[in-house]
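Working notes, structure below.
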Amino acid sequence: MQVPILDLRRQYEQIKKEVKREVLNIFETQHFILGENGSSLEKESANYLCVKECIGVASGTDALLLSLRAMDLKEGEGVITTSFTFFATGGAIHNAKGIPFFVDVNPVTFNIDPQKLKEFLKKECEKADDGVIHKMSKAKIKIVLPVHLYGLPCEMDEILKICKEYGLKILEDSCQAFGAEYKGKKVGSFGDASAFSFFPTKNLGGAGDGGMISTNDENIARRLKKLRVHGSERRYYHDEIGYNSRLDEIQAAVVRIKLKYLDEWNKKRAEIADLYRDLLAKIEEVKTPVAPPYSKHIYHQFVIRAKNRDDLKAYLDKNGIGNMIYYPVPLHLQTCFQFLGYKKGDLIETEKVAGEVLALPIFAELREEEVKEVIRQIANFYSGSK
Ligand SMILES: Cc1ncc(COP(=O)(O)O)c(C=O)c1O
């Protein structure tokens, strides 16, 4: 039996009628950008996340980039983040003319380690009259950008406390975590702003690229609405240079339909994760992801740490079991970021997990027999390699 890492056709079967109706309706109205679907999705998302405002943009990457601009990041200012994330997190910082500073992860949660964040600020930075200065580069640190990786919320209480102490703003990267909760509150409602992605494979995905920003700060929201239309509030009058970054109506319509099912789908993902965890408990070479009791993990990905990961991957590939490595090369070791001056060994936990992680198939429609087949193949691999 082959098991796909993701099969979006199964989800489509469930929502086909609604998608066809709503998409055709857009063609009837011929209103493709900044219309009824976009504004309704913004309101519905704000309600869902319990925030004041949501602003649709063209992608999760743009959600990060525009947020950094709207949070007033200036050229050469620093943003502290994790190196163990999708490239866009670091790319957006650079494209916003900021400097990324990477802090190591907690190897159990895969998220930025608040303790290491504290140490970084204490040892490598100093407080000045107008904020926090990185001692060696003299960059002013302005923002902390935690990533809720794979759908597991970061330890927000600690992060909020540290950022308050140092006067730093927070931009959450919630691109993999729509619907995840930390102590009963949705991610995306903790920071000054938060970025979401509607890339089709996300747990809440559109039919193309799309993204959204949530915020409780009216000034940030206003600036974002301006930045997404080339920096103009009044048509053809521009007081800053912005972007062309809108969530189009077709994307908004599809995401609106899916938002109604999201809790049900996230719950199914969590049930599949529990089944994986039960069945994997017998295989000592594999560590399963944690779900701390205070957080609701939405399992955008189910990521194990595996002994002989690369051989296991090759075996699963050969036997038709979908799997992926998210992410094999941490940002601090990417060729394009060499100029930042990091080297191998700088972020020990990050580098270790990048060599061990493997994502297994997970999506709401994944069948129990398919999960069992994945486990059977993993067990076969380890019993054969003993
Ligand atoms: C953690 C993270 N940040 C940012 C992004 C960028 O989102 P997008 O692909 O919609 O630009 C993604 C998704 O691809 C992501 O997983």
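The values are calculated or read from the model by the stated rules, or taken from the named source; none is laboratory data. Keep in mind that this is a model prediction, so the values were computed, not measured. We place every Cβ from the backbone using ideal geometry, glycine too, and count neighbours over all the protein chains shown. Protein only, heavy atoms only, side chains kept; ligands, DNA and RNA dropped before computing areas. Shrake-Rupley method; radii C 1.70, N 1.55, O 1.52, S 1.80 Å.
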- Task: For the chain, report the accessible area per residue in Å² (1.4 Å probe, heavy atoms, rounded to an integer).
- Result: 45
- Pick from Ser232, Ser137, Ser194: which is most flexible by mean-square fluctuation in a GNM of the chain where alpha carbon atoms under 10 Å apart are linked? Ser137
- On a C-alpha basis, how far is the centre of segment 203-273 from the centre of segment 86-132 in Å? Whole number, if you could? 25
- With an 8 Å cut-off on Cα pairs and a minimum separation of 6 or more residues, tell me the relative contact order of segment 260-384 in percent. 35
- Quick one: which of Lys186/Lys258; Lys74/Lys140; Lys20/Lys225; Lys52/Lys225; Lys185/Lys296 span more than 20 angstrom between C-alpha atoms? Lys20/Lys225
- Message: Computing the accessible area with a 1.4 Å probe over protein heavy atoms, can you report the carbon and sulfur percentage for segment 189-279?
- Response: 47
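Less than 13 Å Cβ to Cβ from Pro153, Lys/Arg counted +1 and Asp/Glu -1: what total charge do the surrounding residues give? Walk me through the intermediate numbers first.
Numbers: positive: Lys183, Lys185, Lys186, Lys296; negative: Glu155, Asp157, Glu158, Glu172, Asp173, Glu181.
Local net charge: -2.
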- Message: So if the hydrodynamic radius of segment 205-285 is defined as the Kirkwood radius over C-alpha pairs, what does Stokes-Einstein give as its diffusion coefficient at 25 °C and 0.890 mPa s, in µm² per second?
- Response: 152
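With N residues in the chain, what two-decimal value do you get for its Cα radius of gyration over 2.2 N^0.38 Å?
So the Cα radius of gyration is 1.00 times the expected 2.2 N^0.38 Å.
Go through 56-68, 16-28 and give me the packing order, highest mean Cβ count within 10 Å leading.
Details: 56-68: 27.6, 16-28: 12.9.
My ranking of the peptides, most packed first, is 56-68, 16-28.
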- So, in Å, what gap is there between the alpha-carbon centers of segment 320-351 and segment 1-59? 33
- Rank by packing, highest mean first: peptides 216-224, 126-134, 287-295, with packing defined as the count of other Cβ atoms within 10 Å averaged across residues. 216-224, 287-295, 126-134
- How many percent of DSSP beta bridges within the chain run antiparallel, rounded to 5? 65
- Message: If amide hydrogens are placed 1.01 Å from N in the peptide plane, which non-local residues have theirs closer than 5 Å to the one on Ile33?
- Response: Glu249
- Taking only DSSP H segments of four or more residues, each worth -39500 (n - 2.57), what value at 222 nm results for the chain once the sum is divided by all its residues, to the nearest 500 deg cm²/dmol? -13000 deg cm²/dmol
- the chain, relative contact order in percent, only Cα pairs under 8 angstrom and at least six apart counted: 22
